[in-house]
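Worksheet: one structure, shown below.
The values are calculated or read from the model by the stated rules, or taken from the named source; none is laboratory data. Since the model is a prediction, treat every value here as computed from it, not as a measurement. Counting neighbours? That spans all protein chains shown, and the Cβs are built from the backbone with ideal geometry, glycine included. These area figures cover heavy atoms from the full protein model, side chains too; ligands, DNA and RNA do not enter into them. Shrake-Rupley method; radii C 1.70, N 1.55, O 1.52, S 1.80 Å.
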Amino acid sequence: MRQDTTQAPTMYGHDAADAPAPCALLQAGRNCRSVSRAETATVLVDGARYFARLDKCLEEARRSIVIVGWDFDASVRLRPDADGSGTTLGDRLRSLVEAHETLEIHILIWSFAVAHAPSHGMSLLFGGDWQDHPRIHLKLDRTNRFYASHHQKIVLVDGVLAFVGGIDLTVGRWDTQEHRPADERRVEADGSKARPVHDCQVALTGPVVGDLLAIAAERWQRATGETPRFAGPATGPVARQPERSPDFRHVPAGIAVTDPGGGWRGPPPVRHAAWLTVDALRSARRTIYIENQYFAGALARTILPELLEAPDGPEIVVVTTRSMNGFVEQLSEGTNRDRLLRHLKRFDRHDRLRVFHPMQGPVSDPDEIFIHSKILVADDNFLRVGSTNFNNRSVGVDTECDLGLVADTPEHRAAIRTIMARLVGEHLGADPATVLETLAETGSLIRTIDRLNGGDRRLVGFPALASSGPRRPQLGTRLLDPIAPFGTAAWWRGRFSCS
């Protein structure tokens, strides 16, 4: 791959001369399954934008739609009306195969979603009228290891367009960037109002789509024993309508996966996503920005102290979820998050760590915005969007899929800066231009947040960063949030080696 040698301003106006060569960050076999390029890449922030874009692309499909997910609910509406009504996803897919006789639809979902995920589980188990068609194939993947989930979120259209990130096609994922508390279009499976939720997906074209198609084909083969008939690159409407204003053009792209392996007789475990996280964190010189549903695992506990202790290390800003889903999750993720924060604060001698959760509305009666995104930005050189959380099970138990983009032109670096500004600005109620201007003035993401924070939309720090209390992982973490499949040597160690 060509490496850009242009001397250009990088984040906050600093010179790029001391930054690591970004393309070297992606290494096939170590931290990526494959390294190629995306002809275009567009970050779709929040479910409303993703679902609307997906709906338009599905309409143009003529040969193949492939969906790989943790959960799937045919009752969701990609473009909900003001009262929450509108065409359901299942009806949409059925109408497409009836309109185009060459179109095949393959859907592969984690089998335990019928009991564990937020969807209408029985419809996955027993099917619905929408899928009663010979060219709609819905399968439940039962090949996961004990206590593991299939957590990848991938959609492919005609072999030329892909979506990958943190958003499943299920309930509780649609929301606008305004995250209005009373939005009737945001509903749960039982029809009740869903909480505001923040998430991200990336739309891709180019060779990287083939890499994702190969992952989907292997997953289908393993789950069903069938060789899938996914259509390859097409010349239909999807291929003929290029992205008008993508965030990136011709950008180096790596696909990182996690797979716990198949035990004694199955494939070996793969931890590309964890190593991509480690390598990206260590590459940062000025700023690390993280959005993640869970911030509680051994990887952060191991790698972040060395960055915080370094006299010239980067600022680290984390935006994560405050409230957990039930008692077990509170114990394994919420309690361990607070213990991790106390642990990290011991190493923050240079005051470069901030951990927030987003809130909106009056201080006396605020509404929480649920963070479901899995994003990592390292300086303006690297962006990762995917399904991998900062908890233990994402390191080696669940199957995951992440996209890593590295900047090898000034335009790519500007795109990464702008995307981070969009994300931070959404949480602060500030437009991206204001965030970028403040970053240029302060030279610091922390000082930028301090200056812009405090309005109706705001970031609130976690009390654990300033409190005393236990710092070691909660008793039982090895069982509730294992770092490797039960019984393996890595499970007994209960930690992640970053050496």
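See the values below:
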{"item": "Arg79-Asp450 pseudo-label distance in nm [points 7 Å out on the Cα-to-Cβ vector]", "result": "4.6 nm"}
{"item": "Probe 1.4 Å, protein heavy atoms only - accessible area per residue of region 410-498 in square angstrom", "result": "47 Å²"}
{"item": "Net length gained if the chain between Asp312 and Thr87 were fully extended (0.36 nm per residue, minus Cα distance)", "result": "75.6 nm"}
{"item": "Ranking by accessible area, most exposed first, for Glu60, Glu437, Glu101 with a 1.4 Å probe", "result": "Glu101, Glu437, Glu60"}
{"item": "All lysines inside 26 Å of Lys345 as judged from Cα atoms, apart from same-chain residues fewer than 8 positions distant", "result": "Lys374"}
{"item": "Taking N as its residue count, the alpha carbon Rg of the chain over 2.2 N^0.38 Å", "result": "0.92"}
{"item": "Dipole in debye (nearest 20) - region 364-442, about Cα centre, beta carbon charges: Lys, Arg +1; Asp, Glu -1", "result": "280 debye"}
{"item": "Between helix 335-345 and the chain: long-axis angle, C-alpha atoms, 0 to 90°, nearest 10", "result": "40 degrees"}
{"item": "Charge dipole magnitude, Cβ of K and R +1, D and E -1 - region 313-467, Cα centre, debye nearest 20", "result": "540 debye"}
{"item": "Heavy-atom accessible area ranking, 1.4 Å probe, most first, across Ser85, Ser149", "result": "Ser85, Ser149"}
{"item": "Dipole of region 137-180 [Lys/Arg +1, Asp/Glu -1 at C-beta], most positive-end residue of His150, Val160, Trp174", "result": "His150"}
{"item": "Mean accessible surface per residue for region 233-392, computed with a 1.4 Å probe while every protein chain stays in place, in Å²", "result": "36 Å²"}
{"item": "The chain - percent of accessible surface contributed by carbon and sulfur, probe 1.4 Å", "result": "52 percent"}
{"item": "For the chain, with +1 on Lys and Arg beta carbons and -1 on Asp and Glu, the positive-most of Thr102, Ala217, Thr448 along the dipole", "result": "Ala217"}
{"item": "Residue-span extension gain [Val460 to Glu218] - 0.36 nm each, minus C-alpha spacing", "result": "82.9 nm"}
{"item": "MRE, 222 nm, helices only [DSSP H, n ≥ 4, -39500 (n - 2.57), over the chain, to nearest 500]", "result": "-8000 deg cm²/dmol"}
{"item": "In Å², nearest 10: area of Thr438 left accessible to a 1.4 Å probe", "result": "10 Å²"}
{"item": "Full-extension gain in nm, Val363 to Glu178, via 0.36 nm per residue minus C-alpha separation", "result": "64.8 nm"}
{"item": "Selection from Phe496, Leu341, Phe51, by position along the positive dipole direction of the chain (Cβ)", "result": "Phe496"}
{"item": "Cut-off of 10 Å, at most 13 other beta carbons, DSSP loop: longest stretch of the chain lacking such chymotrypsin sites (Phe, Trp or Tyr not before Pro)", "result": "265-499"}
{"item": "Most to least accessible of Glu441, Glu306, Glu400, Glu329 (protein chains only, probe 1.4 Å)", "result": "Glu441, Glu306, Glu329, Glu400"}
{"item": "Probe 1.4 Å - accessible area at Leu161, Å² to nearest ten", "result": "10 Å²"}
{"item": "Efficiency of FRET from Cβ geometry, Glu411 and Arg471, R₀ 41 Å, rounded to 0.05", "result": "0.40"}
{"item": "Over the chain, relative contact order from alpha-carbon pairs under 8 Å, at least 6 apart, %", "result": "20 percent"}
{"item": "Student exercise, region 278-392 dipole from Lys, Arg, Asp, Glu Cβ charges, in Debye to nearest 20", "result": "340 debye"}
{"item": "Point-to-point label distance, His350-Glu441, nm (Cα→Cβ direction, 7 Å offset)", "result": "2.5 nm"}
{"item": "For region 290-359 and region 126-158, distance of Cα centres in Å", "result": "34 Å"}
